[in-house]
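Only one structure is covered here, and it is reproduced in the block below.
The values are calculated or read from the model by the stated rules, or taken from the named source; none is laboratory data. For clarity, every value in this text was computed on a predicted model and none was experimentally measured. Please note: Cβ atoms are built from the backbone with ideal geometry, for glycine as well, and neighbour counts cover all protein chains shown. The accessibility values were calculated without ligands, DNA or RNA, using every heavy atom of the protein model including side chains. Shrake-Rupley method; radii C 1.70, N 1.55, O 1.52, S 1.80 Å.
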Amino acid sequence: MAELAERPGLPAPTPGSIDEAKRQKLLELVRGRALARPTDLAEDEVMVWPSLVVVEAVSAVVFTAILFALSVLVNGPLLDRANPNQTPNPSKAPWYFLNLQELLLHMDAGLAGVIVPTVALVAIAAIPYFDRSPLGVGILGTSSKGRRIIAFATVYSIVVVVGMILVDEKIGRGTQFGIGSYMMDHWGATEFMTGVILSTIIMLIPIFILVGIVKAIFRPTRREIIIALFTGFFVTYWVLTMFGTSFRGHGQDLTWPWNLPLTHG
Amino acid sequence: MRREQTLADRITGSALWRSFVRHGYPDTQRNQALIIASNVFLHIHPVKIKRYATKVTYTFCLGGLSFFMFLVLTMTGILLMFYYIPSSTQAYQSMLDIQSSVTFGQLMRNMHRWAAQGMVISVFLHMARVFYTGSYKPPREFNWVVGVLLLVVTFLLSFSGYLLPWDQLAYWAITVGTNIGGAAPIIGPQVNKILLGDFQIAQSTLIRFYTLHVIFLPLAAAFLMAVHFWRIRKDGGISGPL
(Lines give C-alpha, C1' and ligand atoms only; values in the text may rest on other atoms or scores of the structure.)
Protein backbone atom coordinates (compact mmCIF):
# COMPACT_ATOMS: atom_id res chain seq x y z
CA MET A 1 0.00 0.00 0.00
CA ALA A 2 2.75 2.41 0.87
CA GLU A 3 4.44 1.86 -2.48
CA LEU A 4 1.22 2.31 -4.36
CA ALA A 5 0.44 5.51 -2.58
CA GLU A 6 3.79 7.06 -3.41
CA ARG A 7 3.60 6.25 -7.10
CA PRO A 8 2.99 9.43 -9.09
CA GLY A 9 -0.21 9.66 -11.09
CA LEU A 10 -2.19 7.49 -8.76
CA PRO A 11 -4.40 9.15 -6.22
CA ALA A 12 -3.34 8.30 -2.74
CA PRO A 13 -5.95 6.17 -1.06
CA THR A 14 -7.65 8.23 1.51
CA PRO A 15 -8.37 6.47 4.75
CA GLY A 16 -12.03 5.88 5.25
CA SER A 17 -12.90 6.15 1.57
CA ILE A 18 -13.56 2.40 1.39
CA ASP A 19 -16.84 1.18 2.75
CA GLU A 20 -15.63 -0.71 5.81
CA ALA A 21 -18.53 -3.11 5.70
CA LYS A 22 -17.77 -4.15 2.15
CA ARG A 23 -14.01 -4.36 2.46
CA GLN A 24 -12.79 -7.85 1.82
CA LYS A 25 -10.31 -9.32 4.18
CA LEU A 26 -7.68 -11.88 3.39
CA LEU A 27 -8.72 -14.80 5.57
CA GLU A 28 -6.40 -17.59 4.63
CA LEU A 29 -4.17 -18.78 1.87
CA VAL A 30 -4.99 -22.30 0.77
CA ARG A 31 -2.99 -24.49 -1.50
CA GLY A 32 -5.17 -25.79 -4.28
CA ARG A 33 -5.46 -26.67 -7.89
CA ALA A 34 -6.46 -24.29 -10.63
CA LEU A 35 -10.20 -23.95 -11.13
CA ALA A 36 -9.97 -25.05 -14.72
CA ARG A 37 -9.10 -28.71 -14.70
CA PRO A 38 -8.32 -30.83 -17.70
CA THR A 39 -11.11 -33.26 -18.56
CA ASP A 40 -8.67 -36.08 -19.09
CA LEU A 41 -7.58 -37.23 -15.62
CA ALA A 42 -5.11 -39.76 -16.96
CA GLU A 43 -2.21 -38.03 -15.19
CA ASP A 44 -3.80 -38.53 -11.75
CA GLU A 45 -4.71 -42.15 -12.39
CA VAL A 46 -2.79 -45.38 -12.49
CA MET A 47 -3.66 -48.87 -13.64
CA VAL A 48 -4.72 -51.10 -10.71
CA TRP A 49 -2.64 -53.85 -12.31
CA PRO A 50 0.19 -53.48 -11.49
CA SER A 51 0.23 -50.34 -9.28
CA LEU A 52 -2.24 -51.41 -6.58
CA VAL A 53 -2.05 -55.17 -6.95
CA VAL A 54 1.67 -55.14 -6.23
CA VAL A 55 1.15 -53.18 -2.99
CA GLU A 56 -1.51 -55.66 -1.88
CA ALA A 57 0.60 -58.67 -2.79
CA VAL A 58 3.73 -57.38 -1.03
CA SER A 59 1.84 -56.41 2.15
CA ALA A 60 0.12 -59.82 2.20
CA VAL A 61 3.47 -61.60 1.88
CA VAL A 62 5.16 -59.43 4.53
CA PHE A 63 2.23 -59.92 6.92
CA THR A 64 2.17 -63.69 6.35
CA ALA A 65 5.92 -63.89 7.00
CA ILE A 66 5.56 -61.95 10.28
CA LEU A 67 2.56 -64.04 11.42
CA PHE A 68 4.37 -67.24 10.47
CA ALA A 69 7.54 -66.25 12.36
CA LEU A 70 5.53 -65.20 15.43
CA SER A 71 3.59 -68.48 15.37
CA VAL A 72 6.76 -70.54 15.13
CA LEU A 73 8.40 -68.66 18.00
CA VAL A 74 5.51 -68.06 20.43
CA ASN A 75 2.90 -70.66 21.39
CA GLY A 76 -0.65 -69.63 22.16
CA PRO A 77 -1.38 -70.01 25.89
CA LEU A 78 -3.10 -73.16 27.11
CA LEU A 79 -3.50 -73.43 30.88
CA ASP A 80 -4.94 -76.32 32.91
CA ARG A 81 -8.29 -77.84 31.98
CA ALA A 82 -11.29 -75.63 32.85
CA ASN A 83 -12.28 -76.09 36.48
CA PRO A 84 -15.47 -74.34 37.68
CA ASN A 85 -14.46 -74.93 41.31
CA GLN A 86 -11.13 -73.13 41.08
CA THR A 87 -11.47 -69.41 40.46
CA PRO A 88 -8.15 -67.85 39.48
CA ASN A 89 -7.22 -64.62 41.22
CA PRO A 90 -7.41 -62.32 39.35
CA SER A 91 -9.97 -63.51 36.78
CA LYS A 92 -9.77 -61.44 33.65
CA ALA A 93 -11.86 -61.01 30.50
CA PRO A 94 -10.15 -61.15 27.06
CA TRP A 95 -7.75 -58.21 26.80
CA TYR A 96 -9.91 -56.07 24.48
CA PHE A 97 -12.67 -56.08 27.14
CA LEU A 98 -10.33 -55.35 30.06
CA ASN A 99 -11.04 -51.63 29.59
CA LEU A 100 -14.65 -52.39 30.56
CA GLN A 101 -13.49 -54.57 33.43
CA GLU A 102 -11.34 -51.67 34.63
CA LEU A 103 -14.37 -49.33 34.54
CA LEU A 104 -16.28 -52.01 36.45
CA LEU A 105 -13.99 -51.52 39.45
CA HIS A 106 -15.04 -47.90 39.78
CA MET A 107 -18.82 -47.90 39.19
CA ASP A 108 -22.03 -49.86 38.69
CA ALA A 109 -21.53 -53.00 36.56
CA GLY A 110 -24.38 -52.26 34.14
CA LEU A 111 -23.11 -48.73 33.55
CA ALA A 112 -19.49 -49.82 33.03
CA GLY A 113 -20.07 -53.03 31.09
CA VAL A 114 -23.07 -52.24 28.93
CA ILE A 115 -24.23 -48.61 28.91
CA VAL A 116 -20.83 -46.93 28.44
CA PRO A 117 -19.70 -49.18 25.53
CA THR A 118 -23.15 -49.01 23.88
CA VAL A 119 -23.26 -45.22 24.10
CA ALA A 120 -19.66 -45.02 22.82
CA LEU A 121 -20.39 -47.26 19.80
CA VAL A 122 -23.62 -45.46 18.92
CA ALA A 123 -21.87 -42.09 19.24
CA ILE A 124 -19.04 -43.28 16.97
CA ALA A 125 -21.50 -44.63 14.40
CA ALA A 126 -23.34 -41.28 14.46
CA ILE A 127 -20.24 -39.14 13.75
CA PRO A 128 -20.85 -38.75 9.97
CA TYR A 129 -24.37 -37.49 10.62
CA PHE A 130 -23.03 -34.62 12.74
CA ASP A 131 -19.94 -33.76 10.73
CA ARG A 132 -21.04 -33.38 7.12
CA SER A 133 -18.60 -30.75 5.89
CA PRO A 134 -16.31 -32.19 3.20
CA LEU A 135 -13.39 -30.06 4.40
CA GLY A 136 -10.20 -31.93 5.18
CA VAL A 137 -11.13 -35.27 3.59
CA GLY A 138 -8.01 -37.25 2.79
CA ILE A 139 -5.71 -35.23 5.07
CA LEU A 140 -4.53 -36.89 8.28
CA GLY A 141 -5.98 -34.85 11.14
CA THR A 142 -7.64 -32.38 8.70
CA SER A 143 -5.03 -29.63 9.20
CA SER A 144 -2.05 -28.68 11.34
CA LYS A 145 -4.55 -27.32 13.86
CA GLY A 146 -6.35 -30.67 13.82
CA ARG A 147 -3.06 -32.44 14.48
CA ARG A 148 -2.30 -30.09 17.41
CA ILE A 149 -5.75 -30.89 18.82
CA ILE A 150 -4.97 -34.63 18.50
CA ALA A 151 -1.72 -34.12 20.43
CA PHE A 152 -3.43 -32.06 23.11
CA ALA A 153 -6.37 -34.48 23.51
CA THR A 154 -3.94 -37.42 23.75
CA VAL A 155 -1.91 -35.86 26.56
CA TYR A 156 -5.04 -34.62 28.33
CA SER A 157 -6.73 -38.05 28.18
CA ILE A 158 -3.68 -39.93 29.45
CA VAL A 159 -3.22 -37.54 32.38
CA VAL A 160 -6.91 -37.46 33.30
CA VAL A 161 -7.59 -41.21 33.00
CA VAL A 162 -4.43 -42.27 34.84
CA GLY A 163 -5.06 -39.57 37.44
CA MET A 164 -8.67 -40.63 38.03
CA ILE A 165 -7.74 -44.30 38.41
CA LEU A 166 -4.94 -43.53 40.87
CA VAL A 167 -7.04 -41.09 42.91
CA ASP A 168 -10.03 -43.47 43.09
CA GLU A 169 -7.64 -46.26 44.12
CA LYS A 170 -6.07 -44.05 46.80
CA ILE A 171 -9.34 -42.76 48.31
CA GLY A 172 -11.10 -46.11 48.07
CA ARG A 173 -11.95 -47.94 44.88
CA GLY A 174 -15.57 -47.59 43.82
CA THR A 175 -16.37 -44.80 46.30
CA GLN A 176 -16.53 -42.17 43.51
CA PHE A 177 -13.55 -40.33 45.01
CA GLY A 178 -15.19 -40.56 48.43
CA ILE A 179 -18.17 -38.49 47.25
CA GLY A 180 -20.34 -41.53 46.68
CA SER A 181 -19.57 -43.11 50.04
CA TYR A 182 -20.13 -39.73 51.75
CA MET A 183 -23.55 -39.43 50.04
CA MET A 184 -24.42 -42.95 51.17
CA ASP A 185 -23.34 -42.40 54.76
CA HIS A 186 -24.79 -38.95 55.29
CA TRP A 187 -27.67 -38.53 52.81
CA GLY A 188 -28.86 -42.10 52.55
CA ALA A 189 -28.03 -42.23 48.83
CA THR A 190 -28.74 -45.54 47.08
CA GLU A 191 -26.32 -47.64 45.01
CA PHE A 192 -28.12 -46.36 41.92
CA MET A 193 -27.50 -42.71 42.81
CA THR A 194 -23.77 -43.21 43.44
CA GLY A 195 -22.83 -46.08 41.12
CA VAL A 196 -24.86 -44.89 38.14
CA ILE A 197 -25.85 -41.21 38.34
CA LEU A 198 -22.84 -39.83 40.24
CA SER A 199 -20.44 -42.00 38.20
CA THR A 200 -21.98 -40.76 34.96
CA ILE A 201 -21.54 -37.16 36.09
CA ILE A 202 -17.92 -37.86 37.09
CA MET A 203 -17.25 -39.32 33.61
CA LEU A 204 -18.98 -36.45 31.80
CA ILE A 205 -17.09 -33.66 33.62
CA PRO A 206 -13.65 -34.35 32.06
CA ILE A 207 -15.30 -34.70 28.64
CA PHE A 208 -16.90 -31.26 28.95
CA ILE A 209 -13.64 -29.80 30.28
CA LEU A 210 -11.81 -31.25 27.25
CA VAL A 211 -14.31 -29.63 24.87
CA GLY A 212 -14.14 -26.37 26.84
CA ILE A 213 -10.34 -26.18 26.74
CA VAL A 214 -10.19 -27.09 23.04
CA LYS A 215 -12.80 -24.42 22.30
CA ALA A 216 -10.89 -21.81 24.30
CA ILE A 217 -7.46 -22.57 22.84
CA PHE A 218 -8.11 -23.64 19.25
CA ARG A 219 -11.44 -22.03 18.19
CA PRO A 220 -12.29 -25.35 16.57
CA THR A 221 -14.76 -26.29 13.86
CA ARG A 222 -17.30 -29.00 14.61
CA ARG A 223 -14.98 -31.52 12.92
CA GLU A 224 -12.14 -30.50 15.22
CA ILE A 225 -14.27 -30.87 18.35
CA ILE A 226 -15.18 -34.37 17.16
CA ILE A 227 -11.46 -35.04 16.58
CA ALA A 228 -10.80 -34.11 20.23
CA LEU A 229 -13.62 -36.36 21.45
CA PHE A 230 -12.66 -39.33 19.25
CA THR A 231 -9.03 -38.99 20.35
CA GLY A 232 -10.23 -38.95 23.95
CA PHE A 233 -12.17 -42.19 23.34
CA PHE A 234 -9.30 -43.85 21.48
CA VAL A 235 -6.67 -43.00 24.11
CA THR A 236 -8.97 -43.86 27.01
CA TYR A 237 -9.70 -47.27 25.45
CA TRP A 238 -6.00 -48.14 25.28
CA VAL A 239 -5.03 -46.63 28.66
CA LEU A 240 -7.80 -48.59 30.41
CA THR A 241 -6.81 -51.71 28.47
CA MET A 242 -3.20 -51.32 29.61
CA PHE A 243 -4.29 -50.92 33.23
CA GLY A 244 -6.44 -54.05 32.91
CA THR A 245 -3.80 -56.19 31.21
CA SER A 246 -0.61 -55.05 32.88
CA PHE A 247 -1.32 -53.37 36.21
CA ARG A 248 -4.09 -55.38 37.91
CA GLY A 249 -2.94 -58.26 40.11
CA HIS A 250 -4.45 -60.25 42.96
CA GLY A 251 -7.85 -58.90 44.01
CA GLN A 252 -7.61 -56.48 41.06
CA ASP A 253 -5.16 -54.40 43.12
CA LEU A 254 -2.72 -52.18 41.28
CA THR A 255 0.64 -53.83 40.80
CA TRP A 256 3.59 -53.79 38.41
CA PRO A 257 3.46 -55.90 35.24
CA TRP A 258 6.38 -58.11 36.35
CA ASN A 259 4.47 -59.15 39.49
CA LEU A 260 1.51 -60.48 37.51
CA PRO A 261 0.62 -64.16 37.23
CA LEU A 262 -0.15 -65.25 33.66
CA THR A 263 -3.90 -64.92 33.44
CA HIS A 264 -4.48 -63.59 29.96
CA GLY A 265 -3.02 -63.93 26.49
CA MET B 1 9.64 -64.77 -40.58
CA ARG B 2 7.75 -66.79 -37.96
CA ARG B 3 9.15 -67.06 -34.46
CA GLU B 4 9.62 -70.60 -33.27
CA GLN B 5 6.88 -71.67 -30.83
CA THR B 6 8.11 -72.20 -27.29
CA LEU B 7 6.46 -74.56 -24.81
CA ALA B 8 4.95 -71.54 -23.03
CA ASP B 9 3.42 -70.36 -26.30
CA ARG B 10 1.90 -73.77 -26.89
CA ILE B 11 0.38 -73.86 -23.38
CA THR B 12 -1.03 -70.32 -23.49
CA GLY B 13 -2.25 -70.89 -27.04
CA SER B 14 -4.08 -74.09 -26.20
CA ALA B 15 -7.85 -74.29 -26.22
CA LEU B 16 -7.85 -75.30 -22.54
CA TRP B 17 -5.82 -72.27 -21.44
CA ARG B 18 -7.75 -69.85 -23.57
CA SER B 19 -11.01 -71.18 -22.18
CA PHE B 20 -10.29 -69.82 -18.69
CA VAL B 21 -7.75 -67.04 -19.25
CA ARG B 22 -9.39 -64.60 -21.63
CA HIS B 23 -6.61 -62.10 -22.03
CA GLY B 24 -2.95 -61.99 -22.92
CA TYR B 25 -0.03 -61.37 -20.58
CA PRO B 26 -0.76 -58.13 -18.67
CA ASP B 27 2.02 -56.03 -20.16
CA THR B 28 -0.22 -53.81 -22.26
CA GLN B 29 -2.82 -51.43 -20.88
CA ARG B 30 -5.57 -53.38 -22.63
CA ASN B 31 -4.57 -56.68 -21.00
CA GLN B 32 -4.03 -54.96 -17.63
CA ALA B 33 -7.60 -53.68 -17.83
CA LEU B 34 -8.90 -57.10 -18.91
CA ILE B 35 -7.18 -59.01 -16.10
CA ILE B 36 -8.95 -56.83 -13.51
CA ALA B 37 -12.31 -56.83 -15.26
CA SER B 38 -12.46 -60.53 -16.16
CA ASN B 39 -11.16 -62.05 -12.91
CA VAL B 40 -13.77 -62.76 -10.26
CA PHE B 41 -11.39 -61.97 -7.39
CA LEU B 42 -9.69 -58.94 -8.92
CA HIS B 43 -12.83 -57.27 -10.21
CA ILE B 44 -13.46 -56.04 -6.68
CA HIS B 45 -11.13 -53.29 -7.94
CA PRO B 46 -11.77 -50.75 -10.65
CA VAL B 47 -9.42 -50.87 -13.65
CA LYS B 48 -7.93 -47.48 -12.84
CA ILE B 49 -7.60 -45.68 -9.52
CA LYS B 50 -6.34 -42.32 -8.32
CA ARG B 51 -2.60 -42.25 -7.77
CA TYR B 52 -2.88 -41.30 -4.05
CA ALA B 53 -4.91 -44.47 -3.38
CA THR B 54 -1.80 -46.62 -3.88
CA LYS B 55 0.16 -44.73 -1.20
CA VAL B 56 0.92 -47.07 1.71
CA THR B 57 1.32 -44.19 4.19
CA TYR B 58 -2.28 -43.12 3.51
CA THR B 59 -4.07 -46.36 4.44
CA PHE B 60 -1.22 -48.31 6.09
CA CYS B 61 -2.97 -51.29 4.43
CA LEU B 62 -5.09 -51.63 7.59
CA GLY B 63 -8.42 -52.42 5.94
CA GLY B 64 -6.80 -54.83 3.51
CA LEU B 65 -4.84 -56.48 6.33
CA SER B 66 -8.01 -56.91 8.39
CA PHE B 67 -9.62 -58.69 5.43
CA PHE B 68 -6.47 -60.73 4.82
CA MET B 69 -6.41 -61.79 8.49
CA PHE B 70 -10.05 -62.84 8.14
CA LEU B 71 -9.00 -65.09 5.24
CA VAL B 72 -6.05 -66.52 7.23
CA LEU B 73 -8.40 -67.15 10.18
CA THR B 74 -10.90 -68.89 7.90
CA MET B 75 -8.22 -71.17 6.45
CA THR B 76 -6.53 -72.05 9.76
CA GLY B 77 -9.95 -72.28 11.43
CA ILE B 78 -11.17 -74.88 8.93
CA LEU B 79 -8.01 -76.93 9.50
CA LEU B 80 -8.53 -76.76 13.28
CA MET B 81 -12.17 -77.83 12.87
CA PHE B 82 -11.01 -81.19 11.49
CA TYR B 83 -9.56 -82.01 14.92
CA TYR B 84 -11.35 -79.89 17.50
CA ILE B 85 -14.29 -81.48 19.35
CA PRO B 86 -16.81 -79.01 20.85
CA SER B 87 -17.61 -81.12 23.88
CA SER B 88 -16.98 -80.08 27.46
CA THR B 89 -15.44 -83.48 28.18
CA GLN B 90 -13.30 -83.76 25.03
CA ALA B 91 -12.50 -80.17 23.99
CA TYR B 92 -9.43 -79.75 26.19
CA GLN B 93 -8.03 -83.15 25.20
CA SER B 94 -8.52 -82.32 21.51
CA MET B 95 -6.56 -79.08 22.10
CA LEU B 96 -3.72 -81.12 23.59
CA ASP B 97 -3.90 -83.49 20.61
CA ILE B 98 -3.82 -80.61 18.11
CA GLN B 99 -0.74 -79.24 19.86
CA SER B 100 1.17 -82.49 20.25
CA SER B 101 -0.02 -85.11 17.74
CA VAL B 102 -1.42 -83.27 14.72
CA THR B 103 1.11 -82.39 12.01
CA PHE B 104 1.57 -78.61 12.09
CA GLY B 105 -1.32 -78.51 14.58
CA GLN B 106 0.50 -76.27 17.03
CA LEU B 107 1.50 -73.94 14.18
CA MET B 108 -2.09 -73.73 12.89
CA ARG B 109 -3.38 -73.05 16.40
CA ASN B 110 -0.76 -70.33 16.98
CA MET B 111 -1.46 -68.68 13.63
CA HIS B 112 -5.18 -68.72 14.39
CA ARG B 113 -4.66 -67.26 17.85
CA TRP B 114 -2.22 -64.50 16.89
CA ALA B 115 -4.13 -63.52 13.73
CA ALA B 116 -7.27 -63.24 15.86
CA GLN B 117 -5.55 -60.82 18.25
CA GLY B 118 -4.03 -59.02 15.26
CA MET B 119 -7.42 -58.62 13.57
CA VAL B 120 -8.93 -56.91 16.62
CA ILE B 121 -6.02 -54.46 16.62
CA SER B 122 -5.99 -53.86 12.86
CA VAL B 123 -9.77 -53.34 12.65
CA PHE B 124 -9.53 -50.85 15.52
CA LEU B 125 -6.61 -49.01 13.91
CA HIS B 126 -8.38 -49.07 10.53
CA MET B 127 -11.27 -47.25 12.18
CA ALA B 128 -8.85 -44.65 13.56
CA ARG B 129 -7.23 -44.16 10.14
CA VAL B 130 -10.60 -43.69 8.46
CA PHE B 131 -11.64 -41.25 11.18
CA TYR B 132 -8.49 -39.13 11.14
CA THR B 133 -8.53 -38.80 7.35
CA GLY B 134 -12.19 -37.72 7.48
CA SER B 135 -13.12 -40.62 5.21
CA TYR B 136 -16.52 -41.12 6.86
CA LYS B 137 -17.88 -37.86 5.47
CA PRO B 138 -20.69 -37.89 2.89
CA PRO B 139 -21.21 -39.88 0.73
CA ARG B 140 -19.43 -42.48 2.87
CA GLU B 141 -21.44 -42.11 6.09
CA PHE B 142 -23.35 -45.39 5.73
CA ASN B 143 -20.16 -47.33 5.04
CA TRP B 144 -18.77 -45.93 8.32
CA VAL B 145 -21.80 -47.38 10.12
CA VAL B 146 -21.22 -50.75 8.41
CA GLY B 147 -17.60 -50.49 9.60
CA VAL B 148 -18.70 -49.96 13.21
CA LEU B 149 -20.89 -53.10 12.90
CA LEU B 150 -17.88 -54.99 11.54
CA LEU B 151 -15.87 -53.86 14.59
CA VAL B 152 -18.59 -55.30 16.85
CA VAL B 153 -18.66 -58.58 14.86
CA THR B 154 -14.85 -58.78 15.12
CA PHE B 155 -15.07 -58.44 18.91
CA LEU B 156 -17.79 -61.12 19.04
CA LEU B 157 -15.81 -63.47 16.77
CA SER B 158 -12.78 -63.16 19.01
CA PHE B 159 -14.85 -63.46 22.20
CA SER B 160 -16.75 -66.56 21.03
CA GLY B 161 -13.50 -68.26 20.01
CA TYR B 162 -11.96 -67.49 23.37
CA LEU B 163 -14.01 -70.18 25.16
CA LEU B 164 -13.18 -73.05 22.79
CA PRO B 165 -9.81 -74.21 24.26
CA TRP B 166 -11.74 -75.03 27.47
CA ASP B 167 -8.81 -74.22 29.74
CA GLN B 168 -8.83 -72.08 32.88
CA LEU B 169 -7.98 -68.97 30.83
CA ALA B 170 -10.93 -69.54 28.49
CA TYR B 171 -13.41 -70.58 31.16
CA TRP B 172 -12.87 -67.66 33.51
CA ALA B 173 -12.44 -65.01 30.83
CA ILE B 174 -15.83 -65.97 29.39
CA THR B 175 -17.27 -66.10 32.91
CA VAL B 176 -16.14 -62.49 33.46
CA GLY B 177 -17.27 -61.48 29.97
CA THR B 178 -20.75 -63.00 30.21
CA ASN B 179 -21.15 -61.55 33.72
CA ILE B 180 -20.47 -58.11 32.22
CA GLY B 181 -23.22 -58.80 29.65
CA GLY B 182 -25.45 -60.06 32.45
CA ALA B 183 -25.10 -56.72 34.23
CA ALA B 184 -27.13 -55.00 31.50
CA PRO B 185 -30.08 -53.08 32.91
CA ILE B 186 -33.47 -54.85 32.62
CA ILE B 187 -32.47 -57.47 30.00
CA GLY B 188 -29.26 -58.54 31.80
CA PRO B 189 -30.41 -61.88 33.28
CA GLN B 190 -32.00 -62.87 29.95
CA VAL B 191 -28.82 -61.96 28.02
CA ASN B 192 -26.76 -64.03 30.44
CA LYS B 193 -29.14 -67.00 30.11
CA ILE B 194 -29.20 -66.82 26.31
CA LEU B 195 -25.39 -66.68 26.14
CA LEU B 196 -24.80 -69.51 28.60
CA GLY B 197 -27.84 -71.74 28.04
CA ASP B 198 -27.35 -72.70 31.69
CA PHE B 199 -26.62 -71.10 35.03
CA GLN B 200 -22.90 -71.33 34.48
CA ILE B 201 -20.60 -72.15 31.58
CA ALA B 202 -21.39 -75.72 30.55
CA GLN B 203 -21.77 -77.95 27.48
CA SER B 204 -24.72 -75.83 26.28
CA THR B 205 -22.50 -72.72 26.40
CA LEU B 206 -19.68 -74.39 24.49
CA ILE B 207 -21.90 -75.52 21.61
CA ARG B 208 -23.53 -72.06 21.41
CA PHE B 209 -20.18 -70.29 21.30
CA TYR B 210 -18.84 -72.87 18.82
CA THR B 211 -21.78 -72.46 16.43
CA LEU B 212 -21.58 -68.69 16.67
CA HIS B 213 -17.82 -68.82 16.13
CA VAL B 214 -17.56 -71.19 13.17
CA ILE B 215 -20.66 -70.36 11.15
CA PHE B 216 -22.98 -67.57 12.29
CA LEU B 217 -20.48 -64.79 12.98
CA PRO B 218 -18.19 -65.55 9.99
CA LEU B 219 -21.25 -65.43 7.71
CA ALA B 220 -22.37 -62.18 9.33
CA ALA B 221 -18.86 -60.76 8.86
CA ALA B 222 -18.73 -61.93 5.23
CA PHE B 223 -22.12 -60.37 4.53
CA LEU B 224 -21.10 -57.04 6.09
CA MET B 225 -17.75 -57.11 4.29
CA ALA B 226 -19.50 -57.63 0.97
CA VAL B 227 -21.58 -54.52 1.67
CA HIS B 228 -18.51 -52.65 2.98
CA PHE B 229 -16.36 -53.32 -0.11
CA TRP B 230 -19.21 -52.73 -2.55
CA ARG B 231 -19.96 -49.37 -0.92
CA ILE B 232 -16.33 -48.27 -1.30
CA ARG B 233 -16.74 -48.55 -5.08
CA LYS B 234 -20.22 -47.02 -5.09
CA ASP B 235 -19.14 -44.08 -2.92
CA GLY B 236 -16.42 -43.08 -5.35
CA GLY B 237 -13.52 -45.29 -4.33
CA ILE B 238 -11.12 -44.77 -1.47
CA SER B 239 -11.20 -41.25 -0.03
CA GLY B 240 -8.53 -38.75 -0.93
CA PRO B 241 -7.74 -35.05 -0.90
CA LEU B 242 -10.40 -33.08 -2.77
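With point charges of +1 on the Cβ of Lys and Arg and -1 on the Cβ of Asp and Glu, referenced to the Cα centre of the range A:95-259, which listed residue (A:I213, A:P257, A:G174) lies farthest in the positive direction of the dipole? My answer, from the dipole projection, is A:I213. With R₀ set to 35 Å, the beta-carbon distance separating A:I179 from A:R147 gives a calculated FRET efficiency near 0.45. Our Cα-only numbers for the protein assembly as shown put the radius of gyration and Dmax at 28.6, 105 Å. With a cut-off of 15 Å on the backbone N, the residues of the range B:169-212 near the modelled label site 7 Å out from A:N83 along Cα-Cβ are B:169-172. For the range B:7-80, the spherically averaged projection of the C-alpha convex hull amounts to 7.6 nm².
Over every Cα atom in the range B:80-163, the radius of gyration and the widest Cα-Cα span, Dmax, amount to 17.6, 54 Å. The charge dipole of the range A:95-259, taken about its Cα centre with unit charges on the Cβ atoms of Lys, Arg (+1), Asp and Glu (-1) only, comes to about 900 debye.
Could you calculate the FRET efficiency of A:L166 with B:V21 from 1/(1 + (r/R0)^6), where r is the beta carbon distance between them and R0 is 56 Å, rounded to 0.05? Using R0 = 56 Å, I get an efficiency of 0.30. Placing +1 on each Lys and Arg Cβ and -1 on each Asp and Glu Cβ, with no other charges, gives the range B:60-234 a dipole about its Cα centre of roughly 660 debye.
Legend: calculated FRET efficiency, B:N39 to A:V58, from the Cβ-Cβ distance at R0 = 25 Å, rounded to 0.05, equals 0.85.
Rounded to a whole number, what is D in µm²/s for the range B:4-129 from Stokes-Einstein with the Kirkwood radius over alpha-carbon pairs (10 °C, 1.306 mPa s)? Approximately 85 µm²/s, per Stokes-Einstein. Segment B:S14..B:T74, full-extension length gain: 18.1 nm, with 0.36 nm per residue of separation and the alpha-carbon distance subtracted.
Per residue of B:142-151, count partner chain C-beta atoms within 10 Å of its C-beta, then hand back the mean as an integer.
Mean number of neighbouring Cβ atoms from other chains: 3.
Taking only the Cα atoms of the range A:124-164, the ratio Rg/Rh comes out at 1.10, with Rh defined as the Kirkwood radius.
State in Å² the accessible area per residue of the range A:155-265; use a 1.4 Å probe, count heavy atoms of protein chains only, and round to the nearest integer. Each step should come with its number before you reach the end.
Values: 6040 Å² over 111 residues.
That works out to 54 Å² per residue.
Pairs spanning more than 30 Å between alpha-carbon atoms, out of B:K137/B:K193; A:K145/B:K50; A:K92/A:K170: B:K137/B:K193. Values of log10 I(q)/I(0) for chain B across q = 0.09, 0.10, 0.11, 0.13 Å⁻¹ run -0.56, -0.67, -0.77, -0.95, by the Debye formula with one identical scatterer at each alpha carbon and no solvent.
Here the range A:95-259 is described by how far its Cα atoms reach on the three principal axes: 51, 42, 27 Å, from widest to narrowest.
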